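Contents: one structure, followed by commentary.
The values are calculated or read from the model by the stated rules, or taken from the named source; none is laboratory data. Predicted model only: the values in this text are computed from it and were never measured. Note that we place each Cβ from the backbone using ideal geometry, even for glycine, and neighbour counts take in every protein chain shown. Accessible surface areas use protein heavy atoms only, side chains included; no ligands, DNA or RNA. Shrake-Rupley method; radii C 1.70, N 1.55, O 1.52, S 1.80 Å.
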Amino acid sequence: MSHRSLAPTAALAVLILVALLAQVPAAGQTQSSATKGTTAGKAWAPPRTPDGKADLQGIWTDNTLTPFERPKGLSSKEFYTDQELVEITKRAREGERLDEAELGAANPQAVRYDLELYGFDRTKLRFSSNRTSLVIGPEGVVPPMLPQARERNAERAAKLKGHEFDSHEQRPLSERCILMNQERIPMTPGANEGNLLQIVQGQGYVSLLHEIDHSTRVIPTDGRPHVPQNIRLWQGDSVGRWEGDTLVVDTTNFTNLTAYRGSSEKLHLVERFTRTAADKMVYQFTVEDPTTWAKPWTAEVVWSKTKGPVYEWACHEGNTMISTILRGARVGEEEAAKKGK
């Protein structure tokens, strides 16, 4: 894995500086500025950090009922009416199976025996906006994968077939606790656990702390260029800039192993963070990879501010998943060899 050529002590100093600077606006923010939304006749303006940038700090959650892609039954319908949203939310909370909209990120996972143990509360299910899908636009779905991309991914799958349990290197990144789905970029909602993200700002930097895998992403906003193209990282190389009150983060230099939705190392990601109210943030990302899709596509998630806290989430603390999986494979091979004899 490639890393920036920064000494550990320098990196630690930067994080400490960011955290210290971040405390100034948090302590000085008044109750009114933290709770007021848009007022009649006056557009809502975000609070400011000491260097004059829009203050995006706080703990946010992206939990939503909105599915990633628009269900086929909704055709080109981009938005629900307010009344439709009330009705469909009520039906979801009552446990009704919805034909026109799945539970999106709140959809229970089969591997979970009881999601309520993880804080899943059906009575709090909600759509984060009136959108019928997170992918925006008339189609509401990710564009079809190009033939060359389908071939590339098929070849990769063919090489792996029959070797899925040869070693830890053949196992998924999330299974190896290297890169969990909720922390990987672009950031998409999780299944009602590990949804929290804390943003901390300092002059020249914005830091994002994920609850999942306690992953910290430090984004420079000081105008520096991307690292050289020969340096490749799991999460790519991110550089940020401000466009008015919107934080724009440009990420390149991905590896060919990250493969977001089948993408290649040519993946180019542009994320936009815009605080639209005291308790709302619009996170929008545009995905581009000319070797995977014929055109870029964009998704949008509305985050809500929450009190938190962001708990420690240690993926490998006492976790014997990989060793158990590989040991099971070896036992199976031994039994098969004995039967063969």
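Filter the range 241-259 down to residues that are within 17 Å of the chain's Cα centre (by Cα) and not charged (D, E, K, R) and give me whichever is nearest to Glu183 (Cα to Cα).
At the first step, the residues of the range 241-259 found to be within 17 Å of the chain's Cα centre (by Cα) are 247-252, 254, 258-259.
Keeping just the survivors that are not charged (D, E, K, R) gives 247-249, 251-252, 254, 258-259.
Working: Leu247: 19, Val248: 18, Val249: 16, Thr251: 15, Thr252: 17, Phe254: 15, Thr258: 12, Ala259: 14 Å.
Once the filter is applied, the top-ranked residue is Thr258.
Out of (1) open to solvent by less than 60 Å² (accessible area, probe 1.4 Å); (2) at pLDDT below 90, what's the single condition that is false for Gly202?
(2)
Only residues that are among the hydroxyl-bearing types (Ser, Thr, Tyr) and surrounded by 15 or more Cβ atoms within 10 Å (Cβ to Cβ): list them for the range 66-89, please. Quick ask: steps written out before the conclusion?
Taking the range 66-89 and keeping what is among the hydroxyl-bearing types (Ser, Thr, Tyr), we get 66, 75-76, 80-81, 89.
The answer is Thr66, Tyr80, Thr89.
Taking Trp313, is it out of contact with any Cys (no Cβ under 9 Å at 6 or more places or on another chain) and open to solvent by 50 Å² or more (accessible area, probe 1.4 Å)?
So Trp313 passes the test.
Has the range 71-83 got at least one residue that is at pLDDT 90 or above, farther than 30 Å from Gln203 by Cβ, part of a helix (DSSP H, G or I) and more than 26 Å from the chain's Cα centre (by Cα)?
yes
Tell me whether the range 144-155 contains one or more residues that are under 23 Å from the mean Cα position of the chain (by Cα), surrounded by fewer than 14 Cβ atoms within 10 Å (Cβ to Cβ) and at pLDDT 90 or above.
Yes, that holds for at least one residue.
Looking at Trp293 and the list (1) under 27 Å from Arg131 (Cβ atoms); (2) touching an Asp or Glu at 6+ places or on another chain (Cβ under 7 Å); (3) aromatic (Phe, Trp, Tyr), which single condition is not satisfied?
The failed condition is (2).
For the list (1) open to solvent by 50 Å² or more (accessible area, probe 1.4 Å); (2) in a loop (DSSP other than H, G, I, E, B); (3) not polar (S, T, N, Q), I need the number of the one condition that Leu209 fails.
(2)
List the strands (runs of 3 or more DSSP E) that sit entirely inside the range 219-297 and contain at least 3 residues that are touching a residue at least 60 places away in the same chain (Cβ under 8 Å) and crowded, with 19+ Cβ neighbours inside 10 Å.
On the way: elements: 237-243, 246-252, 268-277, 280-288.
It comes to 268-277, 280-288.
Which ones in the range 181-195 are under 20 Å from Asp237 (Cα atoms), open to solvent by less than 30 Å² (accessible area, probe 1.4 Å) and at pLDDT below 75?
Within the range 181-195, just Glu183 meets the criteria.
Please state which of the following conditions Gly308 fails to meet, knowing it meets all the rest: (1) modelled with pLDDT of 95 or more; (2) over 16 Å from the mean Cα position of the chain (by Cα); (3) open to solvent by 20 Å² or more (accessible area, probe 1.4 Å).
Among (1) modelled with pLDDT of 95 or more; (2) over 16 Å from the mean Cα position of the chain (by Cα); (3) open to solvent by 20 Å² or more (accessible area, probe 1.4 Å), Gly308 violates only (1).
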